[in-house]
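Q: Below is a structure I'd like to ask you about.
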Amino acid sequence: MIQRHRAFWLLLALCASIALLILALMPAEKTLGQVIKIVYLHGALSRAGLLGFAAAGVAAGAYLVRPRPQIIRWAVALLVSGWSFWVAHFLVSMPATRLTWGPWIAWGEPRVAMTLQIAAAGLIVLGVSALLKEPRFTAIAIALLALTIAVMAARTGVLRHPLDPIGTSPSATLRFIYLLLLLPITASMFLIAWRLAVGPSRLEIAS
């Protein structure tokens, strides 16, 4: 158990170190300058959060088909981890918004409203699940939440915020750097979910 605990922290520190190294070494962008690093971190955290929500939905669906305590623990752990990275992406977006647009939060931007709605919905699902401690309800709620998030992410438009500024960047170098950054951040999200699902202080929200 001690070895597992130590391995978790070592791997998490490794992922964080790799992400910080990539951000430190990546070149400035012609228009945004060094602010591009915050934008890339914001984007990677957002993708990791969405992956966490999606994985939680898959695990929840698997539980409904084959009810097993460890499956619902994974669903809840992935939801907690994905939600945490989603909230982190919003917090990181604030200085980027301030430095590029002026305000800390672009309240009129549809995807900002979507971000806050998803964060609130995830918190409600976690809170109600913790109170009820009913695995089947938790699985249904997580599956519906994941489906709703997927629909919202696909349908929500933009005003000033580019829909996919990194993916549509003309710079192949910047796209490659973003992929490199996304890997350790996504790995961190799944590492935290693993720790919550199988660690000594594992989540018991749905048990």
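Each reported figure results from applying straightforward, stated rules to the coordinates on display, with no laboratory input. Every value quoted in this text rests on a predicted model; they were computed, and no experiment measured them. Note that we place each Cβ from the backbone using ideal geometry, even for glycine, and neighbour counts take in every protein chain shown.
Q: Counting only other residues whose beta carbon sits under 15 Å from that of L45, what net charge do I get with K and R as +1, D and E as -1?
A: Charge balance near L45 sits at +3.
Q: For the stretch 180-191, take each phi angle, set θ = phi - 60°, evaluate the Karplus expression 6.51 cos²θ - 1.76 cosθ + 1.60, and give the result in whole Hz per residue in order, putting x for glycine and proline.
A: Along the stretch 180-191, the couplings run 4, 5, 5, 4, x, 6, 5, 4, 4, 4, 6, 4 Hz.
Q: How far apart, in nm, are the 7 Å Cα→Cβ label points at I105 and L144?
A: 2.6
Q: Given the rule -39500 (n - 2.57) for each run of at least 4 DSSP H residues, summed and divided by the residues of the chain, what is its mean residue ellipticity at 222 nm, to the nearest 500 deg cm²/dmol? Walk me through the numbers before you get to the answer.
A: Numbers: 6 runs with 158 residues, N = 207.
After summing the helix terms and dividing by residue count, I get -27000 deg cm²/dmol.
Q: Where a ≥ b ≥ c are the square roots of the eigenvalues of the C-alpha gyration tensor, would you call the chain rounded, which needs a/c under 1.5, or, failing that, prolate if a/b is larger than b/c, or oblate?
A: It comes out oblate by the Cα gyration axes.
Q: Suppose the chain between A172 and L12 were pulled fully straight at 0.36 nm per residue; how much longer would it get relative to their current alpha carbon spacing?
A: 54.8 nm
Q: Ok, one more. Taking the Cα centre as origin and putting +1 on Lys and Arg beta-carbons and -1 on Asp and Glu beta-carbons, what dipole magnitude results for the chain, to the nearest 20 debye? Please list the in-between numbers first.
A: On the way: 17 positive and 5 negative charges, 69 e Å.
Here the size comes out at about 340 debye.
Q: Using alpha carbons only, how many degrees (0 to 90, rounded to 10) separate the axis of helix 35-65 from the longest principal axis of the chain?
A: Tilt relative to the chain: about 20 degrees.
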